[in-house]
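Read through the structure below, which is laid out as structure tokens, and then see the notes.
The values are calculated or read from the model by the stated rules, or taken from the named source; none is laboratory data. Predicted model, so just to flag it, every value in this text is computed and none were measured. Here Cβ is always computed from backbone atoms with ideal geometry, including for glycine, and neighbour counts include all displayed protein chains.
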Amino acid sequence: MVKVKKQRYQREFKQAWTQFASFPGYQMIEGTYPDGLPETISETFFSAMDQVNGLPVAQWTQADILAGLKLLHEQDESVDQFDEQFPVVSSLLLFIASRSDNDLNMVPLRDALTAYQDELAEAAAADGHLRWQSSVAAELKQQSVDWAKQFVSSDEFKALSIVPSKARLLILVLVGQAYEELQLTPDQWTAAALEQLLTGYVVNEMAFEPADYDQLPDLLAAFLAFAQREDLLSDAVVAEVQTATEKVMDQVVIAGKDDANYSPAKTVLLKMKADGVDINDQKLAKKYLSEYDDAVQVQRVLDGEVAYPGTVYVPKSEVETRHHVQQTANYKWYQAVATRTHDEGLKTARELWVKPEQKSVRQAHNQAEVVDIIVNFYDVMYADYVETPKRWEADHVAAYLTQLAGQTKVATYTFTTQMLRTLFGKLADEKVLTKKTAATLEQVCDRPYPRTAVAEKHEVHDLSKSRHGNKLLRRRKR
């Protein structure tokens, strides 16, 4: 009996995982985890549920789920370990609730998960641990809005030649991101935390134009003076922020004026402004943003929130139906990994499309061409060789290009190698590939167009040129 139950639990997990890997909620978080960890976390939760009730997924109840979470929490060795697991588990549960094969209700379950996380956060805070809470985040957002209204009416702000929207955005970012990234409320700000925020989010994501960064030191100093005068920040916290600004502000100003440091969402937003697009004109803005598939990311940047890694929408039918090897000498093919690799290619293609240095590409090509090239490469490398980006080998890239040459014109082949070179450089910058591996793969793309591949392909597929082919043609004529 135990053996049968275990087999059912493993079978149900594999089925749920394959479907969950294509769920948008999972795609939003998978990039923040090492390869394979979300699957391990999900299987661990299924094991916990098996211990709680031993029932099929279709018979899970909300009470069972909360009991499973409690068991998972008790089994974890630390607060941080459960924090790492919770986003995956909660997304998995919401996905399961969205299916029609059970009686779970998505909205009450979502509220119960949020309440459970907040309850654990309060307990952890009592023990000296910091953990994100939705209620605190909401309170801080309203607090930052109130502070911004007061600041733009203050004497400190009126002495500056800065538009109010920039001041409001800075306060939203400082308060919101200090909590979002570091779980620090304003009374907990430290010099180290502000250094991280200023050199990171303020440069990469905050919707300041290059020229705005020259005004940033005066703007931040004025806000600190206002906040100290109004007792919004203590003298000690103000001193911490000032220590951070004295250390890194010059670096922040220089980095902020270099658009190479901007995220894709920020790049698109600033390009919209440069092109004269009124971001408040929803119809015009949506038409413009449809080319970049960045509507959600840009809106979050405008709101002073984190811009999630986005994906370009492309149906996954090719992943599901594409012929593939079952395994190689070192690796076995998995549907979930194929889907994840496909989605990773989509995200990377979108990011390549909006990079500032790709302006000439955008002028000569459309987004679909770039997406097709990158996504097809990701898909084929996994389907034929079971290789994710970190495992790409030069010989297999060469084989891919030789096959491509037999199917496309020289111009298409040349543009493909151009985009692949750009891709390898990007992945090296992001440390997905080592510099050495990227250079080796780029050298493969530098090889001349293999015209012999075209001739060989024609000889193989032109049936009239082979004795066996003539037999096939005669059979067809009959």
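Does Val248 count as surrounded by 14 or more Cβ atoms within 10 Å (Cβ to Cβ) and in a helix (DSSP H, G or I)? Yes: the conditions hold for Val248. When Asp462 is tested against (1) at pLDDT 90 or above; (2) farther than 27 Å from Val337 by Cα, only condition (1) is not met. Take Ala67 and tell me if it is in a helix (DSSP H, G or I), at pLDDT 85 or above and aliphatic (A, V, I, L, M). Judged against the criteria, Ala67 is a match. For the range 197-232, residues that are assigned to a helix (DSSP H, G or I), at pLDDT below 90 and surrounded by fewer than 18 Cβ atoms within 10 Å (Cβ to Cβ) total 1.
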